[in-house]
Amino acid sequence: MVYFVGAGTGAADLITVRGMRLLEQADIIVYAGSLVNPQLLTYAKKECEIYNSARMTLEEVLEVLYQGAAQGKTTVRLHTGDPSIYGAVREQMDALDQAGIPYESCPGVSACFGAAASLNLEYTLPGVSQTLIITRMEGKTAVPAGERIESLAAHHASMAVYLSAGMLPELSRRLMAGGYQGTTPAALVYKATWPEEEAYVCTLEDLAQTAAEHGITKTALVLVGDAIAHRHYQKSRLYAADFTTEFREAKK
């Protein structure tokens with residue numbers, strides 16, 4: 001069996017309990033060494049075979065998975081954050097389907113939620129934003145035309161932008177072209193939840209300068225939206241005294 005496991009945001013204790021137990025049981029671990037905290041490998045048993053996929057091609061990764069399955073071994077493919085977000089897992093799953101090899105997924109905490117925790121943010125503030133957009137700038141991998149930054153910015157929702165820290169002047173320009181004001185609150189979170197985390201709250205027009213001042217060019221998440229400032233929001237109706245729920249009668 002192959003298990004696709006989300007490593008979480010970075011801190012070794014932010015992997016799920018299920019993910020930790022799978023690492024403890026694994027005979028083979030193939031981990032994304034460029035972003036996964038190596039401390040997570042301390043959960044592995046001594047005889048576990050460990051491969052760093054940062055130095056491997058897709059075909060080389062698949063060969064390890066195939067061999068593990070042929071030998072009846074438990075294999076963990078350890079991805080950063082949650083495998084379903086920028087994990088490039090579908091191509092691996094399709095190959096396993098073709099080979100008749102069973103697999104399961106174990107979710108993880110994605111970076112945007114680790115960053116929110118570090119800044120004590122709520123992305124979905126009533127009266128401010130009820131939507132979180134997770135996206136990225138196009139780079140080596142293109143994005144569909146309808147999902148360009150300008151189009152998404154027009155919604156004025158909370159936005160978490162991955163894989164774009166090296167393109168901040170262009171990102172800021174395009175976000176403002178799409179409808180965000182230059183004074184829109186923004187945050188730059190470098191290696192969220194890692195020991196070396198850095199987090200800075202600024203405005204969209206100051207985003208690139210903030211990154212330059214702190215030497216941040218990669219491995220950082222960009223957050224944009226009025227929810228970051230947590231001002232001018234409405235209280236949730238769920239806990240309002242005059243609101244009846246399945247569990248509580250409204251108080252007169």
With each pseudo-label sitting 7 Å past Cα toward Cβ, what's the residue 131-residue 55 distance in nm, one decimal? 4.5
Kindly report, to the nearest 10 Å², the accessible surface of residue 205 as traced by a 1.4 Å probe over protein heavy atoms only. 110
Find the all-direction average of the projected area of the Cα convex hull for the stretch 30-79, expressing the result in square nanometres with one decimal place. 3.4
For the stretch 54-123, with equal point scatterers placed on the C-alpha atoms only and solvent neglected, what are the log10 I(q)/I(0) values from the Debye formula at q = 0.20, 0.24 1/Å, to two decimals? -0.86, -1.12
Per-pair calculated FRET efficiency, R0 = 25 Å: residue 141 and residue 94 via Cβ, rounded to 0.05: 0.90
Nearest 10, in degrees from 0 to 90: the angle of helix 58-70 to the longest Cα principal axis of the chain is 50
Dimensions of the stretch 85-151 along principal axes (Cα, Å, largest first)? 49, 29, 19
Based on DSSP, what percent of beta bridges with both residues in the stretch 1-89 are antiparallel, to the nearest 5? 5
Given N residues in the stretch 164-248, what is its alpha carbon radius of gyration divided by 2.2 N^0.38 Å? 1.44
On alpha carbon coordinates alone, what is the Rg over Rh value for the stretch 137-197, Rh being the Kirkwood radius? 0.98
With -39,500 (n - 2.57) per DSSP H segment of 4 or more residues and division by the full residue count of the chain, the 222 nm estimate, nearest 500 deg cm²/dmol, is -7000 deg cm²/dmol
Using a Cα distance threshold of under 20 Å, what count of lysine pairs results for the chain when pairs must be 8 or more residues apart or interchain? 6
GNM of the chain, Cα pairs under 10 angstrom: of 165, 154, 142, the biggest fluctuation goes to 142
To one decimal place, what Kirkwood hydrodynamic radius in Å is obtained for the stretch 202-252 from all pairs of distinct Cα atoms? 14.7
Based on alpha-carbon centroids, what's the gap between the stretch 50-97 and the stretch 176-252 in Å, whole number please? 34
Return the label of the correct value of Cα Rg over 2.2 N^0.38 Å, as calculated from the structure shown, out of (1) 1.15; (2) 1.02; (3) 1.07. (1)
Per-pair calculated FRET efficiency, R0 = 45 Å: residue 46 and residue 148 via Cβ, rounded to 0.05: 0.40
Quick numbers on the stretch 48-180, Rg and Dmax over C-alpha atoms in Å, give 18.6, 56
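The values are calculated or read from the model by the stated rules, or taken from the named source; none is laboratory data. Keep in mind that this is a model prediction, so the values were computed, not measured. Virtual Cβ from ideal backbone geometry, glycine too; neighbours counted across all protein chains shown. Protein only, heavy atoms only, side chains kept; ligands, DNA and RNA dropped before computing areas. Shrake-Rupley method; radii C 1.70, N 1.55, O 1.52, S 1.80 Å.
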